[in-house]
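Structure record follows, encoded as structure tokens.
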Amino acid sequence: MTPALILFAVFVFIPIFFAIYFSFTDWNGISPPAEAKFVGFENFRVLLFEDGIRRADFFKALKNTAYFSLGVVPMQTALALLLAVVVNQRRLRFKSFFRTSYYFPSITSSIAISMLFLFLYQKNGLVNQVLETITFGAWEPIAWMADPRGLFHIIFGWFGLTLETAPAWMQANVLSLSVWDWLSGPSVALMGIMLLNTWTTIGTMMVIFLAALQDVPREVYEAAEMDGANARQIFFKITLPLVRPTLFFVVTLGLIGTFQVFDQVYVMSSGGPAKTTLTVAYLVYRNGFTNSQMGLAAAIALLLFIIIFTLTLVQRRITEGKKE
Amino acid sequence: MKIKLSMLLSALLLSAMILSACATPAAQPAAQPAAGGEQAAAPAGAVNLQLMGWASSDAENVRLQEVVDGWNAANPDIQVSLNLVPDYDTKLQTSLAGGAPPDIFYVDSFRLPDLAAAGALLPIGDKMTNVDDFYPSLREAFTVDGVFYCPPKDFSTLALEYNTDLFDAAGLEHPTADWKWDDLRAAAEKLTNKDTGVVGFSINPDFARWIAFLYQAGGEVANADFSAMTLDSPEALQAMEFYVGLVRDGFAAPASDLDSGWPGEAFGKGRAAMTMEGNWIVPYLKDQFPDLKYGITELPAGPGGKATMAFTVCYGVAANGKNTDAATKVVDYLTGPEGMKAWTDLGLAMPTRQSLREGWLAQYPNLEPMLNGADYARKWQFRPGFGDVLDTINAGMQEAFTGAKTAQAVLNEAQSVGEQVLAR
């Protein structure tokens, strides 16, 4: 127990303490940390209250991350539950094969998968080819990872609403970003990363659901079948309520994971095109290691922690509330 | 509570261990020879230096090791070990912040202002042998506020590469050093073929390429002492409209539209008849597209005359290093006439000393347009924190390429971000 605690202290507590400390300094990340000047809440003021590029970048990253999370978490949770129910069936053949293959992406190197997806997302890549085939050639190939257009902007465009025709309130600035920008939706490039992220995380979530499903007593299902419940009723009235604690756990994991997404952005897009895949975690890295503003980076990391913590609390409230 | 006490004791023990571990190398720097046979042979009392850089192609890594080995053989009292690492910037930054930087390390000119402002570099530029032999444009690239920090190890400049087969098929004269913007645009238009999917020119939404056009138009990023940004000038607008216009009119395309990772690949695949890259494209094309027939010439001149960009890296010496005198001597050798000749004879990057020009050209005559660029090249170096401006322009140009933003809007944004950076 003790060695574990020490390791925990050295590698978790002390770094956290220093990260908090540096968020109140102007440390550039290059000179010795002792030379960093204490600047109070300056970094937080710049990020939250001063109109300028640093606040714009922070909220842009927050916006992208929120769209990312809103897209990925429901999708991965629903699909993971669906897969878990499917591979949990008693009468399914090749059960182990399916379980293994669904879990496989989760244990493969995320960097390797990201590199592979870069090719799939090319203009003449597999994704476009498949879409072209299933739409009988109606699909116009796009360079996924270079396309900064937002999903909602594209949809607005179908109804003739573009930046030029947008009403004045859409052009107003809120927190250094125009309302139009806030309403962009995830860009095509970001959606590419979202799909990839969903695909790689489903396996882990499925295994967690599978464990929960196998804990559901067989008798409950048998009783339901005796009472004449159909498959849908069994799923919604029995399976879902009984795995609710696991659902909470999976959504929490998903939320934390998506708010921290970094590696896939680092490999596939470096925050581009047009900063539409700039996530909060990537912004931390960029400020700390390419823009020599480690103090600012630490402040962003701290804000990210506060955001994730709050969201988890809120989400727990909601899930617990449903119990009554 | 028993746990608490033992935890405290263990924590104390651990921190003592960590402290002593940190102290050891400082106390006896040269006592333990590093792993590897060559150092072991060094006589007692020799100074061991570490040279850190990023790993590049095998050919370059091997050549650099040979040059370093040559130094080690001739100088038993100063032994250099080469450490080529991936993810270089992060590694360098953490070792600088950790107070134990490598004695000599690569510094990219764009990164120089940040490192200089942090006081991480010892100014050694003027201590080099025959300083005036370095091209003025390259000395300038490593000079901040009048201090010449570190000597350039080699450099590359942007030039125009053109596919001779595509030019001949279209019945066009090959580009020359006398080309103007209009010639470039006219040729790009004629070479663009919707049916075959070939465009005239491949350019990315990249500040590091557009900036050459800015200077060719007679524009500037900022005024001479960086007290004000000048990206709102008519020259800048002209350059941006020309660059974006090529793409919007369909005569040029970014690499991603040509199923490529970078313009060099699009050019190699024959999807673009021209591109503007530096010396690094030459070994790439030779390796990946050995059958490609292409020529190299200088970038076309704009309304403001000729301009290109010099991308260069220097050998920096850590300000708080322990053997800075020895390190300076090694750098002087590596960038001196002898060391630099041994390094640049590989032909991948060009010698930064004017005295080596003729000898190098005799070996690589086809790269003369790139070497000529040294005479009028501009530095890729601005102010600390300029990464924000770079990111803003790149992001803006990406949108301008799709038509979502006007050239003017891109520049307005960059101008405003630049002013914020200068005001910090």
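The values are calculated or read from the model by the stated rules, or taken from the named source; none is laboratory data. All values derive from a computational prediction rather than experimental measurement. FYI the Cβ positions are ideal-geometry reconstructions off the backbone, even for glycines, and counts take in every protein chain you see. For accessibility, only protein heavy atoms count, side chains too; no ligands or nucleic acids. Shrake-Rupley method; radii C 1.70, N 1.55, O 1.52, S 1.80 Å.
Quick notes on this one:
- Being over 22 Å from B:ILE211 (Cβ atoms) and within 24 Å of the chain's Cα centre (by Cα) is a property that B:GLY268 has.
- Selection count, region B:77-90, where residues are surrounded by 16 or more Cβ atoms within 10 Å (Cβ to Cβ) and within 21 Å of B:GLY385 (Cβ to Cβ): 1
- When residues of region B:279-306 are limited to those that are charged (D, E, K, R) and crowded, with 16+ Cβ neighbours inside 10 Å, the one nearest to B:ARG378 (Cα to Cα): B:LYS306
- Residue list for region A:175-228, filter: aromatic (Phe, Trp, Tyr) and either open to solvent by 20 Å² or more (accessible area, probe 1.4 Å) or farther than 23 Å from A:VAL73 by Cα (or both): A:TRP180, A:TRP182, A:TRP199, A:TYR221
- Selected residue (only one of B:VAL410, B:VAL331 is in contact (Cβ under 8 Å) with a residue 24 or more places away in the chain and either on the phi > 0 side of the Ramachandran plot or within 12 Å of chain A (Cβ to nearest Cβ) (or both)): B:VAL410
- Region A:97-118 residues that are within 14 Å of chain B (Cβ to nearest Cβ), paired with ones that are in a helix (DSSP H, G or I) (beta carbon under 6 Å, 6 or more apart): A:ILE111/A:VAL267; A:SER114/A:GLN264; A:SER114/A:VAL267; A:SER114/A:MET268; A:PHE117/A:LEU196; A:LEU118/A:MET268
- Filter result for B:ALA400 (surrounded by 21 or more Cβ atoms within 10 Å (Cβ to Cβ), more than 14 Å from chain A (Cβ to nearest Cβ) and in contact with a Lys or Arg (Cβ under 9 Å, 6 or more places away or on another chain)): no
- Number of positions in region B:307-330 that are farther than 30 Å from B:PRO369 by Cβ, outside any loop (DSSP other than H, G, I, E, B) and open to solvent by 10 Å² or more (accessible area, probe 1.4 Å): 5
Table: residues versus (1) under 12 Å from the mean Cα position of the chain (by Cα); (2) open to solvent by 20 Å² or more (accessible area, probe 1.4 Å); (3) within 14 Å of chain B (Cβ to nearest Cβ).
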site: A:THR258; (1), (2), (3): yes, no, no
site: A:PHE262; (1), (2), (3): yes, yes, yes
site: A:GLY272; (1), (2), (3): no, no, yes
site: A:LYS275; (1), (2), (3): no, no, yes
site: A:LEU283; (1), (2), (3): no, no, yes
site: A:ASN291; (1), (2), (3): no, no, yes
site: A:MET294; (1), (2), (3): no, yes, yes
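- Region B:84-102, subset within 7 Å of chain A (Cβ to nearest Cβ) and in contact (Cβ under 8 Å) with a residue 40 or more places away in the chain, residue farthest from the chain's Cα centre (by Cα): B:GLY99
- All positions within region A:20-45 that are within 10 Å of chain B (Cβ to nearest Cβ) and either on the phi > 0 side of the Ramachandran plot or hydrophobic (A, V, I, L, M, F, W, C) (or both): A:TRP27, A:GLY29, A:ILE30, A:ALA34, A:ALA36
- Top-ranked residue in region B:378-390 [being open to solvent by 40 Å² or more (accessible area, probe 1.4 Å) and more than 7 Å from every other protein chain (Cβ to nearest Cβ); ranked as farthest from the chain's Cα centre (by Cα)]: B:ARG383
- Of the helices (runs of 4 or more DSSP H) lying entirely inside region A:1-110, the ones with 3 or more residues being out of contact with any Leu (no Cβ under 8 Å at 6 or more places or on another chain), modelled with pLDDT of 90 or more and open to solvent by 80 Å² or more (accessible area, probe 1.4 Å) are found at A:14-22.
- Every condition in (1) open to solvent by less than 40 Å² (accessible area, probe 1.4 Å); (2) modelled with pLDDT under 95; (3) more than 9 Å from chain A (Cβ to nearest Cβ) holds for B:ASP375 except the one numbered (1).
- Lone qualifier among A:TRP158, A:TRP139, A:TRP144 - being of a type outside the set (Gly, Ala, Ser), free of Cβ contacts under 8 Å to residues at least 24 places away in the same chain and closer than 30 Å to A:ASN173 by Cα: A:TRP158
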